[in-house]
């Protein structure tokens, strides 16, 4: 059955989706289209502001099963109307993810998508981002006391109290809990490449597995590994367990 999914997000969307087309192909999902609208560090508020003051600052990344193709100088409307999306996923900027006040314009953003969607049956999802690595130098880490667990708990509480209570969001992808679970395994707290963006192999693979599982596909059947990765059988098993455990308990750390 064809699948069309698009994220309205930022660089954490790129991390979450990089390996999703390869995983879907590995699982024999035919005719999958994966895309995301990207502005670095873009918050829900900024996406919303781009409605009243349209900008072509987006890069629109799209993959129909072969490779990622980037369209520069794109608009929010371009991405929304490009395909009859089955699922459109929203995502907060990482540094705002644990800040409840930063979600006030989400319903306005959904309203805009509703007015311009080309599939009347589209569903809306939300991708929960991850806490920063313990030694991250991100300037906004101080908002959480430069403490990974404090940040993780703030993200969980915010998503649970705001997103999970929003009847328009049909699915929460608990990617942040997937990453936190995986940090309890053999890799440890080494799942980013700069303290906050995910590592190109294990980190991004875990995030993509999270999205695939949330879409209803069995990660137990997945064998895809990024070319050149050093992911061994144990780490692959830990990634799968981290995903399955996160969906069983979305807002708590259960490990691998």
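Since every read-out is calculated from the coordinates, none of them should be taken as a lab result. Only a predicted model underlies this, so the values are computations on that prediction, with no experimental measurement involved. Glycine gets a Cβ as well: all are built from the backbone with ideal geometry, and neighbour counts include every protein chain shown.
Brief remarks on what is shown
- Relative packing of 29-38, 73-82, which averages over residues the other C-beta atoms within 10 Å, highest first: 29-38, 73-82
- Taking only the C-alpha atoms of segment 105-256, Rg followed by Dmax gives 16.1, 46 Å.
- Highest average packing first - 41-51, 223-233, Cβ atoms within 10 Å: 41-51, 223-233
- Segment 129-212: C-alpha pair distances exceeding 17 Å, %: 48
- Label point 7 Å beyond Cα of residue 234 along Cβ direction - residues of segment 180-198 with amide nitrogen under 17 Å: 182-191
- Over the chain, relative contact order from alpha-carbon pairs under 8 Å, at least 6 apart, %: 20
- Shape category assigned to segment 44-176 from the gyration tensor of Cα positions, a/c cut at 1.5: prolate
- Here the simple spin-label model places points 7 Å from the Cα toward Cβ, and for residue 70 and residue 150 these points are separated by 3.5 nm.
- Distance between segment 94-157 and segment 24-87 - C-alpha centres, whole angstrom: 17
- Value of Rg to Rh for the chain (Rh from inverse mean 1/r over Cα pairs, i.e. Kirkwood): 0.94
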